[in-house]
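The values are calculated or read from the model by the stated rules, or taken from the named source; none is laboratory data. The shown structure was predicted, so the numbers you read here are calculated from the model rather than taken from an experiment. Cβ atoms come from the backbone with ideal geometry, glycine included; neighbour counts cover every protein chain shown. Note: areas computed on protein heavy atoms with side chains; ligands, DNA, RNA excluded. Shrake-Rupley method; radii C 1.70, N 1.55, O 1.52, S 1.80 Å.
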Amino acid sequence: MSETAPEPVDAPRVLVVDDASLVRMYYRGALERAGFVVDEALNGIEGLERILTTTYDILVVDVNMPKMDGFSFLRALRGREPSVRSIPALMTSTEADDGDREAARAAGANFYLVKPLPEDVLVAHARALAGRRP
């Protein structure tokens, strides 16, 4: 019988919302190595469902996903009660246009980063959003 290690009491909890399993796995590994507790959602609808049952310190959200894209997810989240609408969000995408950055800000993203993300960049931005030192 294997036991899992208990979660650190003060570890920030992050929800990664991305339809690509390899991206989620990469983000999970990088963030867990940096001391975050990581949950995952496959799209915006699943992300909203998770937010209703778990408290998150930050979100890492992809733009292009089926069922509900990242922009729609953040707009829906920002329209909810104060306890969830203020969760800081890092939006990621392969799109590098200024229009995409503007759309991300308008939807409620705190940061917009273009994939692929180096691990140190992801972790630094996640720590900044969680109010943690690098």
Conditions (1) outside any strand (DSSP E or B); (2) modelled with pLDDT of 95 or more; number of the one not met by Tyr112: (1)
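Quick one: count up the residues across the stretch 55-79 that are out of contact with any helix residue (DSSP H, G or I) (no Cβ under 9 Å at 6 or more places or on another chain) and at pLDDT 95 or above. I'd like the intermediate steps shown before the answer.
Residues of the stretch 55-79 that are out of contact with any helix residue (DSSP H, G or I) (no Cβ under 9 Å at 6 or more places or on another chain), as a first pass: 66.
Retained after the next criterion (residues that are at pLDDT 95 or above): none.
Total satisfying the criteria: 0.
Each row is one residue, and each column tells you yes or no for (1) over 16 Å from Val38 (Cβ atoms); (2) modelled with pLDDT under 95; (3) surrounded by fewer than 18 Cβ atoms within 10 Å (Cβ to Cβ).
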| position | (1), (2), (3) |
| --- | --- |
| Arg85 | yes, yes, yes |
| Ala89 | no, no, no |
| Thr92 | no, no, no |
| Glu119 | no, no, yes |
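Quick one: which strands (runs of 3 or more DSSP E) lie wholly within the stretch 18-98 and hold at least 3 residues that are over 17 Å from Leu117 (Cα atoms) and in contact with a strand residue (DSSP E or B) (Cβ under 9 Å, 6 or more places away or on another chain)?
Values: elements: 37-41, 58-62, 89-93.
In the stretch 18-98, the matching strands (runs of 3 or more DSSP E) lie at 37-41.
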Checking Arg13 against (1) within 14 Å of the chain's Cα centre (by Cα); (2) without any contact (Cβ under 8 Å) to a residue 40 or more places away in the chain; (3) open to solvent by 30 Å² or more (accessible area, probe 1.4 Å), the condition it does not meet: (2)
For the stretch 76-99, pairs from a residue that is at negative phi to a residue that is among the aromatic types (Phe, Trp, Tyr) and part of a loop (DSSP other than H, G, I, E, B), with Cβ under 9 Å and 6 or more apart or across chains, are Val84/Tyr56; Ile87/Tyr56
How many residues does the stretch 52-79 hold that are open to solvent by 10 Å² or more (accessible area, probe 1.4 Å) and among the β-branched types (Val, Ile, Thr)? 3
